[in-house]
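Asks: Take this structure, written in structure tokens, and hold onto it; I'll ask about it next.
The values are calculated or read from the model by the stated rules, or taken from the named source; none is laboratory data. Quantities reported herein were computed from a predicted structural model and do not represent experimental measurements. Here the Cβ positions follow ideal geometry from the backbone for every residue, glycine too, while neighbour counts run over all protein chains shown. Note: accessible area is taken over every heavy atom of the protein model, side chains too, but ligands, DNA and RNA are not part of it. Shrake-Rupley method; radii C 1.70, N 1.55, O 1.52, S 1.80 Å.
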Amino acid sequence: MDFSNLPEPDIGQCKDDPVDVDGGSTIFFNGPIITMAGGTFSPVEALAITGTTITAADSLEHVKSLVGDTATMVDLKGQCILPGFVEPHLHLFLSALTIDFLVPMLPWKVTTLDAALRILKEAVEKAEKKPSTSTPKWVAAYGYDPSLVQGHEELDAKILDGVSTSVAIFVLNQSGHIAYVNHAAFEAAGIDDSTQSPAGGTLVKKDGHLTGKLLETPAIDMVAGKISPKAGPEELKTNSAQKLGEWSAKGCTTVFDAGIGIVNQINDIPLLASVTQNPEHPMPMRFVAAAAEAIANITIPNHTPSVSLGDLTPPVCVGDAKVQAIKFWADGSTQGGTAALNHPYLNPRGECGSLNYKDDQALQVKMSDWMKKGWQLSIHSNGDRAVDQSLRCYETVFQQLPDRNKDIMHRIEHFTVCNTDQIEKAKSLGLGVSHTIGHVYYWGDTFQTWVLGPERAARIDPIKDDATKELVYSFHSDSPLTEPDPLLFVRTAVTRLMYETDKVLGPEQCVTLEEALRGVTTNPAKQLNLGHCIGSLEKGKSADLVILGQDPRTVDPVDLHKIPIHQTWYKGKKVHDVSDT
């Protein structure tokens, strides 16, 4: 893929968004306004915004006295205002690839191996008919997940060879941590039985022969990097704008990309600058990000003078995005069987998964280096053994660096399989944890029957325990794993209902609506170290808000995800209006 035609990326040290109170004011009234100030509903009668900033939130009489008689009055007519939602973990460019580059095989729709193979055969037939200068021709797909397929059948090279021996086939598991390829793909990538696995990844072999299964990004990239033709920068810019628009329509006003560099390696940096400063598609939301640790010391292309992220003081502005964190992966996917557990998986493999860092010191050294430079750290940890390692490493590095910037909240991502001792330790260390709440909704049943068993499954993403222990928790999509849908996240946290059933997973972990709303507003704002300017509707904060068709406090919890989102406002401007779509 050629990124050389992208303009030189605009890169420099970020500052807080300027407070803009110039221009006319707008007062919203005559509808419930849930400010979430202090992490509670904290409703008010009226809300005023001026420029990009909230200037008052109080009684209508008081707000009018503060703002003046010239303000534009917006009668909500019973509609409800909430703070703009904060989505604290997704992957923009991988999500963009799912629009028209990767053949879709969503596991809640493709539920049998035969159905998956039919889709691949159709894609191969299309590829064979399509003019192409690449040899071999390729089919790249996304979404196959054995944990949700009848019989839990995995793909391998032999099965995919049955689809085609001439067209190279690459299938990315829904988790993003596993891929399956045929021998034509191995041949195109120059990989054979003698090829060694890369650091941090695994070319799975049986009896010395490649099986067609690849684990983790370094191994997956050995094949994915050879796919041709690739999605070009202009296609990725267009698709990224589409995804950002979709997320805005769900009420998101701030998103956090948890791994810049996982799709195009260091070329993700100039691409991110180009996407966030695209005059044809102005940003409808605030974009904050972590860089994959593997790319953070690599020289940024197309930039003069030569510089890497590691040479700069965080947060670093890349276009209109703020890159403030460094991302590590301690393990893999729980439903994929690669997350590191303390006790074996339920399924017949009976294994415990594996840690990506075989000893703590290797991870601690890297963590310490980046923390000294002032970067926020974010560690992917699904399994309880990976959580143990992350907590040990944080505690050790904190002890080594007593003068670190203690205003920065460091994070553990997913925190899926965990216990109360780990929750208490995370709280004592001042960490934030972010849950892929879709594990409960989409995968809850298979976690009970195939992955973990009923007892451990009931405790995945234990939000009630988080809330009780006062740990700062949040909910995220991990898009494209699931779609950003904060109201569905809230509904899942309140009810723990599983996909298309009336079954509840671990009812003792259900939380109140107020506690659930924290997970998409005030808490993720704190985790992004932006609690001073977003997450609640308070004077002086950014005018980021969402207007709902109903007050969630009056809706049956089962129907929370059905509440219509009428408008989304970002920095005082309406960026989504359902009446315009």
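Asks: For the range 564-581, how many residues meet the condition of being within 13 Å of residue 245 (Cβ to Cβ) and either surrounded by fewer than 18 Cβ atoms within 10 Å (Cβ to Cβ) or polar (S, T, N, Q) (or both)?
Replies: 5
Asks: Is there a residue being surrounded by 21 or more Cβ atoms within 10 Å (Cβ to Cβ), in a helix (DSSP H, G or I) and within 21 Å of the chain's Cα centre (by Cα) anywhere in the range 133-147?
Replies: yes
Asks: Then there's this: Residue 537 versus (1) more than 26 Å from residue 77 (Cβ to Cβ); (2) surrounded by 24 or more Cβ atoms within 10 Å (Cβ to Cβ): which is the lone unmet condition?
Replies: For residue 537, the failing item is (1).
Asks: Working only within the range 303-354, note down all residues that are out of contact with any Ser or Thr (no Cβ under 6 Å at 6 or more places or on another chain), farther than 17 Å from residue 261 by Cβ and of a type in the set (Val, Ile, Thr).
Replies: Of everything in the range 303-354, those that are out of contact with any Ser or Thr (no Cβ under 6 Å at 6 or more places or on another chain), farther than 17 Å from residue 261 by Cβ and of a type in the set (Val, Ile, Thr) turn out to be 304, 313, 338.
Here's the yes/no breakdown for (1) within 30 Å of residue 63 (Cβ to Cβ); (2) modelled with pLDDT of 95 or more; (3) of a type outside the set (Ser, Thr, Tyr); (4) open to solvent by 10 Å² or more (accessible area, probe 1.4 Å):
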residue	(1), (2), (3), (4)
438	no, yes, yes, no
468	no, yes, no, yes
493	no, yes, yes, no
532	yes, yes, yes, yes
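Asks: Go through the range 293-329 and report how many residues are within 24 Å of residue 531 (Cα to Cα) and not hydroxyl-bearing (Ser, Thr, Tyr).
Replies: Qualifying residue count for the region: 16.
Asks: Using beta carbons and a limit of 6 Å, which pairs, at least six apart or on different chains, have the first residue in the range 553-567 and within 19 Å of residue 41 (Cβ to Cβ) and the second one surrounded by 13 or more Cβ atoms within 10 Å (Cβ to Cβ) and of a type in the set (S, T, N, Q)?
Replies: 557/495; 563/550
Asks: Then there's this: Open to solvent by 10 Å² or more (accessible area, probe 1.4 Å), touching a residue at least 24 places away in the same chain (Cβ under 8 Å) and either touching a strand residue (DSSP E or B) at 6+ places or on another chain (Cβ under 6 Å) or not hydroxyl-bearing (Ser, Thr, Tyr) (or both), is that true of residue 461?
Replies: No.
Asks: Another question about this same structure. State whether one or more residues within the range 310-319 are surrounded by fewer than 17 Cβ atoms within 10 Å (Cβ to Cβ) and outside any loop (DSSP other than H, G, I, E, B).
Replies: Yes.
Asks: Say whether the condition of being more than 26 Å from residue 141 (Cα to Cα), open to solvent by 10 Å² or more (accessible area, probe 1.4 Å) and without any contact (Cβ under 8 Å) to a residue 12 or more places away in the chain is met by at least one residue in the range 297-306.
Replies: yes
Asks: Could you check the range 148-160 and list, in sequence order, the residues that are surrounded by fewer than 15 Cβ atoms within 10 Å (Cβ to Cβ) and outside any loop (DSSP other than H, G, I, E, B)?
Replies: Within the range 148-160, 150, 151, 158 qualify.
Asks: Right, another one. Report every pair of residues separated by at least 6 positions or lying on different chains whose Cβ atoms are under 6 Å apart, first residue within the range 121-145 and β-branched (Val, Ile, Thr), second open to solvent by 20 Å² or more (accessible area, probe 1.4 Å) and not in a loop (DSSP other than H, G, I, E, B).
Replies: As it stands, the answer is none, since no pair meets every condition given.
Asks: Would you confirm whether or not the range 246-265 contains a residue that is farther than 28 Å from residue 371 by Cα, out of contact with any Phe, Trp or Tyr (no Cβ under 8 Å at 6 or more places or on another chain), at pLDDT 95 or above and polar (S, T, N, Q)?
Replies: Within the range 246-265, none of the residues are farther than 28 Å from residue 371 by Cα, out of contact with any Phe, Trp or Tyr (no Cβ under 8 Å at 6 or more places or on another chain), at pLDDT 95 or above and polar (S, T, N, Q).
Asks: Another question, then. Restricting to the range 79-97, and then to whatever is in a helix (DSSP H, G or I) and of a type in the set (A, V, I, L, M, F, W, C), can you tell me which residue is farthest from the chain's Cα centre (by Cα)?
Replies: Among them, the one singled out is 97.
Residue-by-condition table, conditions (1) more than 23 Å from residue 460 (Cα to Cα); (2) touching a residue at least 60 places away in the same chain (Cβ under 8 Å):
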residue	(1), (2)
513	no, no
521	no, yes
533	yes, yes
537	yes, yes
540	yes, yes
545	yes, yes
548	yes, yes
551	yes, yes
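Asks: Still on this structure, please answer the following. Restricted to the range 75-108, and to residues that are of a type in the set (A, V, I, L, M) and open to solvent by 50 Å² or more (accessible area, probe 1.4 Å), which residue is nearest to residue 324 (Cα to Cα)?
Replies: Filtering the range 75-108 for residues that are of a type in the set (A, V, I, L, M) and open to solvent by 50 Å² or more (accessible area, probe 1.4 Å), the one nearest to residue 324 (Cα to Cα) comes out as 99.
Asks: On the basis of being open to solvent by 10 Å² or more (accessible area, probe 1.4 Å), under 20 Å from residue 334 (Cα atoms), of a type outside the set (Gly, Ala, Ser) and not in a helix (DSSP H, G or I), does residue 111 make the cut?
Replies: Yes; evaluated as a whole, the condition is true for this residue.
Asks: Among the polar types (S, T, N, Q) and closer than 25 Å to residue 447 by Cβ, is that true of residue 202?
Replies: yes
Asks: Being modelled with pLDDT of 95 or more and surrounded by 24 or more Cβ atoms within 10 Å (Cβ to Cβ) is true for just one of 524, 507. Which residue is that?
Replies: Within the list 524, 507, the selection yields 524.
Asks: It is to be established whether one or more residues within the range 441-458 are open to solvent by less than 50 Å² (accessible area, probe 1.4 Å), under 22 Å from residue 521 (Cα atoms) and either modelled with pLDDT of 95 or more or not in a helix (DSSP H, G or I) (or both).
Replies: yes
Asks: What number of residues within the range 509-563 are under 25 Å from residue 27 (Cβ atoms), among the polar types (S, T, N, Q) and outside any helix (DSSP H, G or I)?
Replies: Number of matching residues: 4.
Yes/no matrix, rows are residues, columns are (1) within 27 Å of residue 310 (Cα to Cα); (2) not aromatic (Phe, Trp, Tyr):
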{"site": "224", "(1), (2)": "yes, yes"}
{"site": "251", "(1), (2)": "no, yes"}
{"site": "256", "(1), (2)": "yes, no"}
{"site": "263", "(1), (2)": "yes, yes"}
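Asks: Got a sec? Which of 254, 299 is of a type in the set (S, T, N, Q) and under 20 Å from the mean Cα position of the chain (by Cα)?
Replies: 254
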